[in-house]
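Asker: Okay, here's the structure, questions in a sec.
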Amino acid sequence: MIIAPSLLAANFGRFAKETERISRSGADWLHLDIMDGNFVPNISFGPQVVKTLRPVTRIFFDVHLMCAKPEILLAPFKEAGANQLTIHVELGEQALTQLLWKVKSMGLKAGLAVNPPTSISLVRPHLDQIDTLLVMTVNPGFGGQSFIYETLPKIQQAAAWRREGGFGYRIEVDGGVNNQTAAECARAGADTLVSGTALLGKRSLRAAVTKMRRLAEKAAANNSGQMVLEAAPVTL
Ligand code: DX5
Ligand code: ZN
């Protein structure tokens, strides 16, 4: 189970210190939310900021591009030290194949994200091209929102496709992930959990990360996601 704290929930004036805290907490990835004020109604930070964080830690930089024109940002984020670049399926089929190929050809991991109102079927043609499928569990743009439970069947579907097709992508969830929803996501098949508000607000981040991982791994072991899907297929 990969735990990826989101820097969006940190004090923006203390990014370097918070990055250090995250890297010392036992977390696996650092999730970096890039918002352009166009694809989403908010602006966060760009490659220059990420570049200043790279010397602070060796942790995996999981860069989530909520941006209408990711093509202008791929090289700058590679240079800033990103390890994975995730783009959104809502950008449209035409752009996707080439964007994902570009990310891979730069030697980075490629992620594909799907928003709550978007059909999971749109990611299907790209499953063999990606390292991570990011199922958004809130509408992107802001931290601290409530988990949207209607997204759980998408996680089950992503897990079923992976099982049946022999794919190797990770299934990541992002938005409203706390100890309870982390367990539900893991039970449905998620293996990578992004969490901002629920983790960074804790006095001991190490204890919070360890607890979330333990609860999620326990829930994943139950593996009822598979059973639910098989018992009651959902229309997506
Ligand atoms: C939402 C971002 C998330 C956000 C999650 O637009 O993509 O990564 O940081 O924050 P929480 O865990 O607070 O919902
Ligand atoms: Zn994110």
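The values are calculated or read from the model by the stated rules, or taken from the named source; none is laboratory data. Please read these numbers as outputs of a predicted model, since none were measured by experiment. As a convention, Cβ positions derive from the backbone with ideal geometry for all residues, glycine included, and neighbour counts pool all protein chains shown. The area values use the complete protein model at the heavy-atom level, side chains included, leaving out ligands, DNA and RNA. Shrake-Rupley method; radii C 1.70, N 1.55, O 1.52, S 1.80 Å.
Asker: Looking at the structure I just gave you, is ARG163 exposed (fewer than 15 other Cβ atoms within 10 Å of the Cβ) and more than 14 Å from ligand 1 (Cβ to nearest atom)?
Answerer: yes
Asker: Here's something else I'd like to know. List every residue pair whose Cβ atoms lie under 9 Å apart, where the two residues are 6 or more positions apart in sequence or sit on different chains, the first residue falls within region 135-149 and is away from ligand 2 (no atom under 14 Å from the Cβ), and the second residue, located anywhere, is charged (D, E, K, R) and part of a helix (DSSP H, G or I).
Answerer: TYR149/GLU184
Asker: Looking at region 116-152 only, could you name the residues that are open to solvent by 40 Å² or more (accessible area, probe 1.4 Å) and within 8 Å of ligand 1 (Cβ to nearest atom)?
Answerer: ASN139, PHE142, GLY143, GLY144, GLN145
Asker: How many residues are part of a helix (DSSP H, G or I), hydrophobic (A, V, I, L, M, F, W, C), within 16 Å of ligand 2 (Cβ to nearest atom) and surrounded by fewer than 21 Cβ atoms within 10 Å (Cβ to Cβ) when one looks only at region 51-109?
Answerer: Number of matching residues: 1.
Asker: Within region 87-106, is there a residue that is touching a helix residue (DSSP H, G or I) at 6+ places or on another chain (Cβ under 9 Å), within 15 Å of ligand 1 (Cβ to nearest atom) and of a type in the set (Gly, Ala, Ser)?
Answerer: no
Asker: For the subset of region 1-42 comprising residues that are acidic (Asp, Glu) and open to solvent by less than 40 Å² (accessible area, probe 1.4 Å), which member is farthest from ligand 2 (Cβ to nearest atom)?
Answerer: Result: GLU18.
Asker: What number of residues within region 173-212 satisfy the criterion of being closer than 20 Å to SER23 by Cβ and near ligand 1 (Cβ under 10 Å from one of its atoms)?
Answerer: Total meeting the criteria: 11.
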